[in-house]
Amino acid sequence: MEKQMTNKIKVYRAMRNMTQEELANKVDVTRQTIIAIEKNKYVPSLGLAFKIARIFGETIENIFHYEK
Amino acid sequence: MNYQQFKRIKILTTSFVSATVAVAVVYNNIILALAGVIIGMIFLFFVRKKTKIILVDERVQNIAGQAARLTYVILTMTIAFLSLIFLGSGRRMNDINYETLGVILSYTTLFSIALYSLSYKYISKKYGETDDEQD
């Protein structure tokens, strides 16, 4: 399956010295979900994508990219 | 309590329940087996309630949904296939027991399909499916 959705969560996390566990707790998901999203193995819901973007103070478009 | 600690407690509880059931089987004591299972379930229920960590999120629900659908398809097809075999061999050998088993399995298959359809319809309505025409 081709990867249509990519993201920069790992980059933004590193810029803010945030662990996967900390991000997971802030957006109310498990650490495994953050790992899966970072590896582009799971596409988050719109609600979760908004939550993640707000944690980093960015827009969704800056963090998530849709490639056709 | 973090996720690792919760996982450890879960493994310990499962080991306790398994050991209790094993002892109960050796001593042929059904009450001991039931007590072990119920105590384990209640204990895990309270641990889950008390823990602040997130154990279920949208990804877990997604996986659970897919696993449930796969299980439903495999189980229903297996039961349907077995019912056909039992019905066929029951009629061929003129064995009423096989035939009865086949009929029971056929109804189980139908019940499973009906239950799936009903729950699908209910959940679909919950998430906004409507028969109204578009404007």
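The values are calculated or read from the model by the stated rules, or taken from the named source; none is laboratory data. Remember, it's a predicted structure, so these values are computed and weren't measured experimentally. Virtual Cβ from ideal backbone geometry, glycine too; neighbours counted across all protein chains shown. For accessibility, only protein heavy atoms count, side chains too; no ligands or nucleic acids. Shrake-Rupley method; radii C 1.70, N 1.55, O 1.52, S 1.80 Å.
Given charges of +1 on the Cβ of Lys and Arg and -1 on the Cβ of Asp and Glu, with all other atoms neutral, how large is the dipole of segment A:5-66 about its Cα centre, in debye to the nearest 20?
100 debye
Which of rounded, prolate or oblate describes segment A:5-66 when judged by the alpha-carbon gyration tensor and an a/c cut-off of 1.5? Verdict is rounded for segment A:5-66.
Kirkwood radius, segment B:84-135, all distinct C-alpha pairs, inverse of mean reciprocal distance: 13.4 Å.
Annotation: extensible slack from residue A:45 through residue A:8 equals 11.7 nm (criterion: 0.36 nm per residue apart, minus Cα-Cα distance). Screening chain B for whole DSSP H helices with an alpha carbon extent of at least 24 angstrom along the helix axis and a mean Kyte-Doolittle hydropathy of at least 1.6 yields B:30-50.
If B:56, B:25 are ordered by their accessible area, calculated over protein heavy atoms with a 1.4 Å probe, which sequence runs from highest to lowest?
Largest to smallest exposure gives the sequence B:25, B:56.
Normalising the average separation of contacting C-alpha pairs (under 8 angstrom, six or more residues apart) by the number of residues puts the relative contact order of chain B at 15 percent. Lysine pair count for chain B with Cα-Cα distance under 23 Å and sequence separation of 8 or more or different chains is 6. If a/c stays under 1.5 just call it rounded; otherwise compare a/b with b/c (prolate if a/b is bigger, oblate if not). Do that for the protein assembly as shown, with a ≥ b ≥ c from the square roots of the Cα gyration tensor eigenvalues. Since a/c reaches 1.5 but b/c is at least a/b, the shape of the protein assembly as shown is classed as oblate. Between residue B:19 and residue B:112, full extension at 0.36 nm per residue minus the direct alpha carbon distance yields a gain of 30.1 nm. Counting, for every residue in B:53-62, the Cβ atoms of other protein chains within 10 Å of its Cβ and taking the mean gives 6.
Averaged over the residues of A:26-32, the number of partner chain Cβ atoms lying within 10 Å of the residue Cβ comes to 4. Here chain B is treated with +1 on each Lys and Arg Cβ and -1 on each Asp and Glu Cβ, and its dipole about the Cα centre works out to around 880 debye.
The residue B:97 and residue B:10 beta-carbon pair, evaluated with R₀ = 35 Å, returns a calculated FRET efficiency of approximately 0.25.
Using only DSSP helix segments of four residues or longer, with each worth -39500 (n - 2.57), what per-residue ellipticity at 222 nm results for chain A after dividing by its residue count and rounding to 500?
On the way: 5 runs with 37 residues, N = 68.
Rounded to the nearest 500, it is -14000 deg cm²/dmol.
Lys-Lys pairs in chain A that are eight or more residues apart or on separate chains and whose Cα atoms lie under 12 Å of each other come to 6. A straight line joining the Cα centroids of segment B:69-113 and segment B:27-55 runs 34 Å. What does the C-alpha gyration tensor say about the overall shape of segment B:3-50? Classify as rounded when a/c is under 1.5, otherwise prolate if a/b is larger than b/c, or oblate. Oblate, since a/c reaches 1.5 and b/c is not below a/b. For segment B:58-126, the dipole from Cβ point charges (+1 on Lys and Arg, -1 on Asp and Glu) about the Cα centre works out to 340 debye, to the nearest 20.
What is the distance, in nm, between label points placed 7 Å from the Cα along the Cα-to-Cβ direction at residue B:56 and at residue B:77? The answer from the label model is 2.8 nm.
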